[in-house]
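Here the structure comes first, spelled out in structure tokens, and everything after it is commentary.
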Amino acid sequence: MRFISGIQPSGNITLGNYLGAVKNFVKLQDDPRFTDMLVFVADLHAITVPQEKLELRKNIKQLVALYLACGLDPEKCHIFIQSEVPHHAELGWCLQCNTYIGELERMTQYKDKKERQVAGVSSGLLTYPALMAADILLYDCDCVPVGVDQKQHLELTRDIAARFNNKYGETFKIPEPFIPEAGAKIMSLADPLKKMSKSDPNPKGYIALLDDINVAKKKIKSAVTDSDATIRYDLENKPGISNLLTIYSCCTGTSLKDTEAKFKDSSYALFKEAVADAVAAELEPIQKRYNEIINSKLIDEVLDNGRDYAIYLANKKLNKVYNKIGLGRKR
Ligand code: ATP
Ligand code: MG
């Protein structure tokens, strides 16, 4: 089986991205069912909202170093940059021509991000899911490990693939989402009703994997919680506390039930202290490895290999698609 997943270099990679996505990629590397793994930097997706050139380049490199620092092993997993494999944009266009505007306009991410744009909404923000479908369908992936927020896009990918297969004959494998049981939706520390996002303009809402450890701890300690003073998992009435319980549970590998039991008689202050320590213990080794990797030759080596492998696979599939549609001359 093969899996693929990616993260946009649209800011500082957060604890949400780590617990909902990267940590699972690392786990799946050792799952014998998966014989092929692709993880990419979704830079073409990042430009659906405005990006500053130097910042984007810095974020791309940083994300690759973080993938490696979090434990992705280039011997097991092919890491590449989306824009270095032009087949993504090419297939994305073909799929866009098989996607309805109504389907795209229903996407929650589009509706949310559209609201935040001050200087005009790009058409790329709307058509993003067709490119995401291409990212996955190019490689005949069986499964896509993502956070809950991407479930809707993945369902659309499945619809697009089925529609294409129906119209042109069997072409794409229909992928399954792989959403972790815990940590699939880490909430903002400043507003626990909102998803933690790296593009949040308020840095108090997220913990970046590269945040100074003391800053990260402080963000946990000042996380917005209710004033009811009891610690229990209750998403509806206690979203802030529930989010911290989830974070502790994911960082320490303690079940949510055991985490709840452990802190049931604790004060908020002591509980937050423990969560802050758990997050620090998770971030410290990642940051140490990151510092060793960021200026090493490893990054380019990994990316060259990843790109070549991805192009090799993508080329075969894109030729097939062009033939099915009748584009150009027979390939
Ligand atoms: P942006 O705000 O730019 O969209 P993001 O934080 O949502 O950034 P993405 O690059 O869109 O990050 O998503 C990368 C991966 O991280 C996806 O698999 C997504 O489902 C997952 N993810 C994003 N936010 C969270 C979160 N708060 N909790 C768990 N998983 C998340
Ligand atoms: Mg996102």
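The values are calculated or read from the model by the stated rules, or taken from the named source; none is laboratory data. These numbers come from a predicted model, not from an experiment. Don't worry about glycine lacking a Cβ; one is built from the backbone with ideal geometry, like all the others, and counts go over all protein chains shown. Side chains are part of the model used for accessible areas, which takes the heavy atoms of the whole protein and leaves out ligands, DNA and RNA. Shrake-Rupley method; radii C 1.70, N 1.55, O 1.52, S 1.80 Å.
For this structure, a couple of remarks:
- A 1.4 Å probe run over the protein chains yields, for segment 208-259, 48 Å² of accessible area per residue, whole-number rounding.
- Helix 151-168 and the long axis of the chain differ in direction by around 10°, with both axes built from C-alpha atoms.
- Apportionment of accessible area to carbon and sulfur, the chain, percent (1.4 Å): 51
- Heavy atoms of residue 108 accessible to a 1.4 Å probe, total area in Å² rounded to 10: 70
- Directionally averaged shadow of segment 129-245, computed from the convex hull of its alpha-carbon atoms, nm²: 9.1
- Set of aspartates and glutamates with alpha-carbon distance to residue 27 below 14 Å, sequence-local pairs under 8 removed: 36, 73, 181
- For the chain, the longest principal axis of the C-alpha atoms and the axis of helix 268-293 are separated by about 40°.
- Net dipole in debye of segment 130-217 [+1 Lys, Arg Cβ; -1 Asp, Glu Cβ; about Cα centre; nearest 20]: 240
- Principal-axis analysis of the Cα atoms of the chain puts helix 53-69 at an angle of about 70° to the longest axis.
- Column: log10 I(q)/I(0), Debye, Cα scatterers of segment 232-331, q = 0.13 Å⁻¹: -0.69
- Proximity of backbone amide H atoms, modeled 1.01 Å from N, is registered between residue 78 and 37, 38, 39 at under 5 Å, excluding neighbours fewer than 5 places apart on the same chain.
- Counting Lys and Arg as +1 and Asp and Glu as -1 over every other residue whose Cβ lies under 10 Å from the Cβ of residue 191, the net charge comes to +2.
- When all protein chains stay in place and ligands, DNA and RNA are ignored, the 1.4 Å accessible-area order of 61, 264, 113, largest first, is 264, 61, 113.
- Each Lys and Arg adds +1 at its Cβ and each Asp and Glu adds -1 at its Cβ; summed about the Cα centre, segment 179-331 shows a dipole of about 1180 debye.
- R0 of 25 Å, Cβ-Cβ distance residue 330-residue 2: FRET efficiency to nearest 0.05: 0.35
- Accessible area ranking (1.4 Å probe, heavy atoms, ligands and nucleic acids excluded), largest first, for 123, 242, 255: 123, 255, 242.
- Computed on protein heavy atoms with a 1.4 Å probe, the accessible areas place 2, 329 in the order 329, 2, largest first.
- In plain terms, if you count all Cα to Cα distances in the chain and split them into 20 Å steps from zero, the share in each step is 31, 57, 12, 0 percent.
- Annotation: per residue accessible area for segment 16-107 equals 42 Å², rounded to a whole number [probe 1.4 Å, protein chains only].
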